[in-house]
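Let me begin by presenting the structure, written as structure tokens, before commenting on it.
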């Protein structure tokens, strides 16, 4: 499964693409969309949209994960961040790719094990988990990768829980196999 992680912003938007297999997680790409503060907001939003669309076309992610907004004191900044998030969500929806949102605390807890971890701690863990040789220049890149990793972990937990609950519905193996004949494989 290919997951595109996005850390939206109006100065820097981080993009991280990973591939999750049953045995490991592999880094496909990590980048940052650098947006000029001199450009008008519509131009910045257009650049985010075009860059995300290009990444989607290149890597064909199965799912997208995005960080939710944190609550700050500056309403103007929150509004601008909301616009960047909206563009990221629109990119996903227009390409019919499921998108899931995670709070910064959820992301940090899933990657570092501590919901109040610093950006440096997240960066170190992402670099370690993905066996990156160099440290990205922008925290936005490692934050985007952390969001993608968080989603891969959450999907694993969801699927294992779903399978466990699904198995509990059946009285015994025979009842399960009767309900799922496609699971029977004869190799002799």
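Being more than 14 Å from residue 14 (Cα to Cα) and surrounded by 13 or more Cβ atoms within 10 Å (Cβ to Cβ) is the filter here; which residues of the range 34-43 pass it?
39, 41
If you take the residues of the range 94-105 that are assigned to a helix (DSSP H, G or I) and modelled with pLDDT under 95, which of them is nearest to residue 13 (Cα to Cα)? Write out each step before concluding.
Kept after step one, since they are assigned to a helix (DSSP H, G or I), are these residues of the range 94-105: 94, 104-105.
Remaining after also requiring modelled with pLDDT under 95: 104-105.
Working: 104: 15, 105: 19 Å.
If we take residues in the range 94-105 being assigned to a helix (DSSP H, G or I) and modelled with pLDDT under 95, then 104 is nearest to residue 13 (Cα to Cα).
Hey, among the residues in the range 125-140 that are under 14 Å from residue 107 (Cβ atoms) and touching a helix residue (DSSP H, G or I) at 6+ places or on another chain (Cβ under 9 Å), which one's surrounded by the most Cβ atoms within 10 Å (Cβ to Cβ)? So that I can check it myself, show each step before the final result.
Residues of the range 125-140 that are under 14 Å from residue 107 (Cβ atoms), as a first pass: 125-126, 129, 139-140.
Still in the list and also touching a helix residue (DSSP H, G or I) at 6+ places or on another chain (Cβ under 9 Å): 125-126, 129, 139.
Working: 125: 21, 126: 28, 129: 16, 139: 19.
Once the filter is applied, the top-ranked residue is 126.
Which of (1) crowded, with 20+ Cβ neighbours inside 10 Å; (2) in contact with a strand residue (DSSP E or B) (Cβ under 8 Å, 6 or more places away or on another chain) is the odd one out, the single condition residue 111 does not satisfy?
Result: residue 111 passes all but (2).
Does residue 53 satisfy the condition of being in contact with a helix residue (DSSP H, G or I) (Cβ under 7 Å, 6 or more places away or on another chain), outside any strand (DSSP E or B), free of Cβ contacts under 8 Å to residues at least 60 places away in the same chain and at negative phi? Outline the logic, then answer.
Numbers: in contact with a helix residue (DSSP H, G or I) (Cβ under 7 Å, 6 or more places away or on another chain): yes; outside any strand (DSSP E or B): yes; free of Cβ contacts under 8 Å to residues at least 60 places away in the same chain: yes; at negative phi: yes.
Considered against the rule, which asks whether it is in contact with a helix residue (DSSP H, G or I) (Cβ under 7 Å, 6 or more places away or on another chain), outside any strand (DSSP E or B), free of Cβ contacts under 8 Å to residues at least 60 places away in the same chain and at negative phi, residue 53 comes out as yes.
Given the criteria outside any helix (DSSP H, G or I), at negative phi and exposed (fewer than 15 other Cβ atoms within 10 Å of the Cβ), does residue 77 qualify?
Answer is no for this residue.
With the checklist (1) touching a strand residue (DSSP E or B) at 6+ places or on another chain (Cβ under 7 Å); (2) at pLDDT 95 or above; (3) crowded, with 16+ Cβ neighbours inside 10 Å in hand, flag the one item residue 122 doesn't pass.
The failed condition is (1).
The values are calculated or read from the model by the stated rules, or taken from the named source; none is laboratory data. The model shown is predicted, which means the values in this text are computed figures rather than measured ones. All Cβ positions, glycine included, derive from the backbone under ideal geometry; neighbour counts span all protein chains shown.
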